[in-house]
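Some notes on the structure that comes next.
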Amino acid sequence: ADNPNNCCKTAARMVKLKNVSNNKRLIVDLGGCTYMKATVEKISSNKVKISFEIEAAKFDEGLDAAYRKNVKRINIPGFRKGKAPLKVIEAHYGPAVFYEDAFDEIFPEIYDKVVDENKLNVVDRPQIDFTQIERGKDLIFTCEVFVTPDVTLGDYKGIEVVKVEPTVDPADVDKEIE
């Protein structure tokens, strides 16, 4: 956990499991991870809400990676193609120009980590809702995702089923053959 890039590689430990208005809320300590906080809340038997708070430094790393990935395709008057500085691109296209790519850069790692550590059996893509997304500020968002439902089997042992033997008339067989 000394290296901030590897701080989430240790196993998560459950810190609290409490009942919050009939919803189970699980607060996860990601083994010394310093750049992320995650809360998993059970909404229904087949849906969970995961709240994330990512430190600004981690999101800024994603923004820098998104800039390096896209700068070669951006053409700004007065600059050779791919040579425009980040601040000029943001001034020309708006500060949110790289937000989507930066999020796509960091989201799979953090999402997969929380899903794996909480043993969630996800069956659908997450619906993401941003609370705060801005350079220099913590990235705060939630995602709701469907998981395999909780199933409680009833008392099925000892149930007797009566097997019904069909009656076949030889005339019906002959009719079907012809």
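Coordinate-derived values only; no laboratory data. Predicted, not measured: the structure shown is a model, and the values here were computed from it. Cβ sites come from the backbone with ideal geometry, for glycine too, and all protein chains shown count toward neighbours.
Spin-label pair A171-D124: with each label point 7 Å from Cα along the Cα-Cβ axis, the two points sit 5.6 nm from one another. For I128, neighbours were defined as the other residues whose beta-carbon sits under 13 Å from its Cβ, and their charges (Lys and Arg +1, Asp and Glu -1) total -3.
Taking amide H as placed 1.01 Å from N in the peptide plane, the amide H of I43 sits under 5 Å from that of V48, K49, each at least 5 places away or on another chain. Note that the stretch 74-79 has calculated 3J(HN,Hα) couplings of 9, 10, 10, x, x, 10 Hz, one per residue in order, obtained from phi through the Karplus relation 6.51 cos²θ - 1.76 cosθ + 1.60 (θ = phi - 60°); glycine and proline are x. The alpha carbon gyration tensor of the stretch 24-178 gives principal lengths a ≥ b ≥ c with a/c of 1.5 or higher and a/b no greater than b/c, which makes the shape oblate. Converting phi to 3J(HN,Hα) with the Karplus coefficients 6.51, -1.76 and 1.60 and the offset θ = phi - 60°, the stretch 163-178 yields 8, 9, 8, x, 9, 10, 8, x, 5, 5, 5, 4, 5, 5, 5, 7 Hz in sequence order, with x at every glycine or proline.
The modelled label-to-label distance for the pair K83/E100, using points 7 Å beyond Cα in the direction of Cβ, is 2.9 nm. In this structure, the amide hydrogen of D138, modeled 1.01 Å from its nitrogen in the peptide plane, lies closer than 5 angstrom to those of A56, counting only residues at least 5 positions away or on a different chain.
The order of the peptides 47-58, 130-141, 78-89 by mean Cβ neighbours within 10 Å, most packed first, is 47-58, 130-141, 78-89. Pairs spanning more than 28 Å between alpha-carbon atoms, out of K47/K113; K37/K119; K42/K69; K72/K113: K42/K69; K72/K113. Shown in residue order for the stretch 58-70 are the 3J(HN,Hα) couplings computed by the Karplus curve 6.51 cos²θ - 1.76 cosθ + 1.60 at θ = phi - 60°: 5, 5, 5, 4, x, 5, 5, 5, 5, 4, 4, 6, 9 Hz (x for Gly and Pro).
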